[in-house]
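The values are calculated or read from the model by the stated rules, or taken from the named source; none is laboratory data. Quick caveat, the model's predicted, so the values are computed rather than measured. Don't worry about glycine lacking a Cβ; one is built from the backbone with ideal geometry, like all the others, and counts go over all protein chains shown.
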Amino acid sequence: MSLQKRLGNNLLDAGIARVGMSQDGCLYNVGGLNTTTLTTSEEVLATITVQRNLLYNVREGLYIWAFGTTKNNGNNKQVRIRLVGLTGSIVADTGAVALNNGAFMVEGWILRAGANSSELVGRTAMGTTPTTSYLADVTTAMATLGSVVITGATPTAAGDLILKGYRVCYVSRGGVMTAGGVLA
């Protein structure tokens, strides 16, 4: 009998079934982007679709990492990772930083704590301004979480912020690593 892991309402056979992941457990590895802000309001730079029931069990989660650059001016820029959409709970937030021709990095962990709750941990760096945040018991139906977004805000001038890439990884209580990928 092969290993099995409960995923959603199905038992997946670890010998043949694989969740669409890279060898290191990542669902998305996206680089080479040049997505700039188009307005002076907060806007979505990337939408990451999450498979329904991926976070079915408590202590499962997602790890999101994104990076980019800023234009050569002293205007304020802000990058966030949010649950669900533009108005969803904030996972990570750089805060408004006047960064001149620099780089930013945001990362966040979304961990399922219960049927309708999660723990969010975020860490960011924009230039020399690091931040860390923790938000517990966010009421979100994690089993039906459909998307996570990376947003940017450049209140002075559109185009001041450029998303270059992101990575999204599945965090579980364990898995079987093989040359072909992570077995579910």
Problem set entry | Near pairs, Cβ below 6 angstrom, 6+ apart or cross-chain, from the range 23-40 (under 20 Å from L54 (Cα atoms)) to any residue that is surrounded by 13 or more Cβ atoms within 10 Å (Cβ to Cβ) and modelled with pLDDT under 85 | Q23/G181; G25/Y170; G25/V182; L27/M21; L27/Y170
For this session: Look through R167, R173 and report the one residue that is assigned to a loop (DSSP other than H, G, I, E, B) and either modelled with pLDDT of 80 or more or farther than 22 Å from S89 by Cβ (or both).
Result: R173
For this session: Considering only the range 150-164, state which residues are of a type in the set (S, T, Y) and either outside any loop (DSSP other than H, G, I, E, B) or free of Cβ contacts under 8 Å to residues at least 60 places away in the same chain (or both).
Result: T151
Seminar exercise, completed: Among strands (runs of 3 or more DSSP E) entirely within the range 26-93, at least 3 residues that are farther than 23 Å from L135 by Cα occur in 26-30, 61-70
Exercise. Restricting the search to the range 94-116, which residues are in a strand (DSSP E or B), free of Cβ contacts under 8 Å to residues at least 40 places away in the same chain and surrounded by fewer than 16 Cβ atoms within 10 Å (Cβ to Cβ)?
Worked result: A98, A103
Seminar exercise, completed: When every residue in the range 20-43 that is in contact with a Leu (Cβ under 7 Å, 6 or more places away or on another chain) and crowded, with 16+ Cβ neighbours inside 10 Å is compared, the one modelled with the highest pLDDT is E42
Seminar exercise, completed: Residue hits (the range 55-84; charged (D, E, K, R) and closer than 16 Å to L120 by Cβ) are R59, E60, R80, R82
